[in-house]
1. Any idea which of (1) modelled with pLDDT of 80 or more; (2) in a helix (DSSP H, G or I); (3) surrounded by fewer than 10 Cβ atoms within 10 Å (Cβ to Cβ); (4) of a type outside the set (Val, Ile, Thr) is the one residue 29 doesn't satisfy?
2. Being exposed (fewer than 10 other Cβ atoms within 10 Å of the Cβ), modelled with pLDDT of 60 or more and in a helix (DSSP H, G or I) is the filter here, so list the residues in region 39-54 that pass it.
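The values are calculated or read from the model by the stated rules, or taken from the named source; none is laboratory data. Note that the coordinates shown come from a computational prediction; the quantities given were computed from them, not determined experimentally. With ideal geometry, Cβ positions are generated from the backbone for all residues, glycine too; neighbour counts draw on all protein chains shown.
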Amino acid sequence: MESVFILIPISVILAFIIAYFFWWSGKSGQFDDLEGPAHRILMDDDSTDRLNADTESATPPEAEQEAEKNEPER
């Protein structure tokens, strides 16, 4: 029975802390745009052509020569 006298005030204080942080997140705009970040990921406009050009120019010359040696004759 003595533990109830400790657990009830702790749970009430914890409930007030959770309610305060929920209220604070609502006031600071955390719930204003729930779908925007999800759409932003899908609408990414990175071009794969630019990425291919970057990786080709970043290849060291020795690796290019090695790749040319290993290519089959056409």
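1. Only one criterion in (1) modelled with pLDDT of 80 or more; (2) in a helix (DSSP H, G or I); (3) surrounded by fewer than 10 Cβ atoms within 10 Å (Cβ to Cβ); (4) of a type outside the set (Val, Ile, Thr) is unmet by residue 29, namely (2).
2. Of all residues in region 39-54, those exposed (fewer than 10 other Cβ atoms within 10 Å of the Cβ) come to 39, 41-50, 54.
Then drop every residue that is not modelled with pLDDT of 60 or more, which leaves 39, 41-50.
Scanning region 39-54 gives 39, 41, 42, 48, 49, 50.
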